[in-house]
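The values are calculated or read from the model by the stated rules, or taken from the named source; none is laboratory data. Note that the structure is a prediction, hence the values are computed from the model and not measured. Cβ: placed from backbone, ideal geometry, glycine included. Neighbour counts: every protein chain shown. To get the accessible areas, we keep the full protein, side chains included, count just its heavy atoms, and leave off ligands, DNA and RNA. Shrake-Rupley method; radii C 1.70, N 1.55, O 1.52, S 1.80 Å.
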Amino acid sequence: MSKRRTFWVDSSRFGKLRVSRQASFLFESGLCGLASFQRFVLLPHSDSQLISWLQSRDESSLAIPLLDP
């Protein structure tokens, strides 16, 4: 039995997305101030290479913008 290389993520900001497992992250202790949210995916911003989004897999309305310094 092979593992799927992609999965679906629901996002209130971006809609339903098919995401590569390579873009998935598990923060076992959660993020600072968001301890109950552990599973995220990294999404590129469509208009800028300087911005990405850390989209929660546990809460569709939680997406954190990340900036590349």
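List of remarks:
- Residues satisfying the stated conditions in the stretch 30-68, i.e. touching a Pro at 6+ places or on another chain (Cβ under 7 Å) and either more than 17 Å from R13 (Cβ to Cβ) or in contact (Cβ under 8 Å) with a residue 24 or more places away in the chain (or both): W53
- A count restricted to the stretch 3-21 and to residues that are over 15 Å from S60 (Cβ atoms) and surrounded by 10 or more Cβ atoms within 10 Å (Cβ to Cβ) stands at 3.
- Number of positions in the stretch 22-41 that are within 12 Å of the chain's Cα centre (by Cα) and closer than 20 Å to I51 by Cα: 7
- A count restricted to the stretch 1-28 and to residues that are under 19 Å from S46 (Cα atoms), among the small types (G, A, S) and not in a strand (DSSP E or B) stands at 2.
- Look at (1) closer than 24 Å to K3 by Cα; (2) surrounded by 11 or more Cβ atoms within 10 Å (Cβ to Cβ); (3) not basic (K, R) and you find that L26 fails only one, number (2).
- Take the conditions (1) at pLDDT 95 or above; (2) in contact with a Gly (Cβ under 8 Å, 6 or more places away or on another chain); (3) not aromatic (F, W, Y); S36 misses just one of them, which is (1).
- Residues in the stretch 29-43 that are open to solvent by less than 80 Å² (accessible area, probe 1.4 Å) and outside any loop (DSSP other than H, G, I, E, B): L31, L34, F40, V41, L42, L43.
- Filtering S46, S60, S52 for residues that are open to solvent by less than 100 Å² (accessible area, probe 1.4 Å), assigned to a loop (DSSP other than H, G, I, E, B) and polar (S, T, N, Q) leaves a single hit, S60.
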